[in-house]
1. May I ask you to list pairs of residues, at least six apart or on different chains, whose Cβ atoms are under 6 Å apart, with the first in the range 50-70 being of a type in the set (Gly, Ala, Ser) and in a loop (DSSP other than H, G, I, E, B) and the second being modelled with pLDDT of 95 or more and surrounded by fewer than 20 Cβ atoms within 10 Å (Cβ to Cβ)?
2. Got a number for residues in the range 71-93 being in a loop (DSSP other than H, G, I, E, B), free of Cβ contacts under 8 Å to residues at least 60 places away in the same chain and touching a His at 6+ places or on another chain (Cβ under 8 Å)?
3. Six or more apart or on different chains, Cβ under 9 Å: which pairs go from a residue in the range 184-196 that's at pLDDT below 95 to one that's not in a helix (DSSP H, G or I)? Could you list them?
4. If I ask for residues that are more than 17 Å from the chain's Cα centre (by Cα) and either at pLDDT below 95 or part of a loop (DSSP other than H, G, I, E, B) (or both), which ones from the range 137-183 would you list?
5. Mind listing whichever residues of the range 51-94 are of a type in the set (S, T, N, Q) and surrounded by fewer than 20 Cβ atoms within 10 Å (Cβ to Cβ)?
6. What is the number of the single condition among (1) part of a loop (DSSP other than H, G, I, E, B); (2) out of contact with any Asp or Glu (no Cβ under 8 Å at 6 or more places or on another chain) that Ile103 does not meet?
Amino acid sequence: MKQLLHLVLFAATLVLFASCGGPSNTVVIKTNKGDITAVLFDETPRHKENFIKLVQENYYDGLLFHRVMPGFMIQGGDPQSKGAPANQPLGMGGPGYTLEEEIGQPHLRGALAAARTPNPQKASSGSQFYIVTGQQQSDPTLDQYERMKGIKYSPEQRAAYLEQGGRPDLDMDYTVFGEVIAGMEVVDAISAVQTGNANRPTEDVVIETIVFK
């Protein structure tokens, strides 16, 4: 009986250790404009694990949101943006690899998605990401995208597009691997900054660090 009790306690300890030992799916993107909290999707394991790895390596520390387009998205994660002078073209840097696509989740407002260059495989950048601000949609527009893209929005997804907005034109073309759960007011503030050439903010919007919550 005593041996059985020890085994039960040992098993419980292993379960507790396993539940606490790994990094959280929730990250906080700390910027010089405020904090953005996002959750990473289990449904996109390659992108989730890669983002976690880069966060653990402090890869994003000091990088910029180098591309900002109101009503569309804010984009960052180019390693060449760290300390980049105002006239330096940005948007082509990365860690030296791409990720196989995991396309499926919609581009609702607050979606965290992987940027990419044009390629037939729709492979994602290894580090660059964007957060959707988007625009409110209508039922006819969503019907059109369903026909064009061969997709079917769930009632919940359709309601979110109608009430909160997003960018359904990007659906089935880019991998959405997370969503913002707090700090959309910071995303909106970043999306409203003044921009210059190539939609780069005229004053740097810096990703100070990304941490697990």
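The values are calculated or read from the model by the stated rules, or taken from the named source; none is laboratory data. The structure presented is a predicted model; accordingly, all values stated were derived computationally and were not measured. FYI the Cβ positions are ideal-geometry reconstructions off the backbone, even for glycines, and counts take in every protein chain you see.
1. Pairs found: Gly62/Lys82.
2. Residues flagged as in a loop (DSSP other than H, G, I, E, B), free of Cβ contacts under 8 Å to residues at least 60 places away in the same chain and touching a His at 6+ places or on another chain (Cβ under 8 Å) within the range 71-93 amount to 2.
3. Pairs found: none.
4. Gln137, Ser138, Gly150, Ile151, Lys152, Tyr153, Ser154, Gln164
5. Within the range 51-94, Gln56, Asn58, Gln80, Asn87, Gln88 meet the criteria.
6. Tallying (1) part of a loop (DSSP other than H, G, I, E, B); (2) out of contact with any Asp or Glu (no Cβ under 8 Å at 6 or more places or on another chain), Ile103 fails exactly one: (2).
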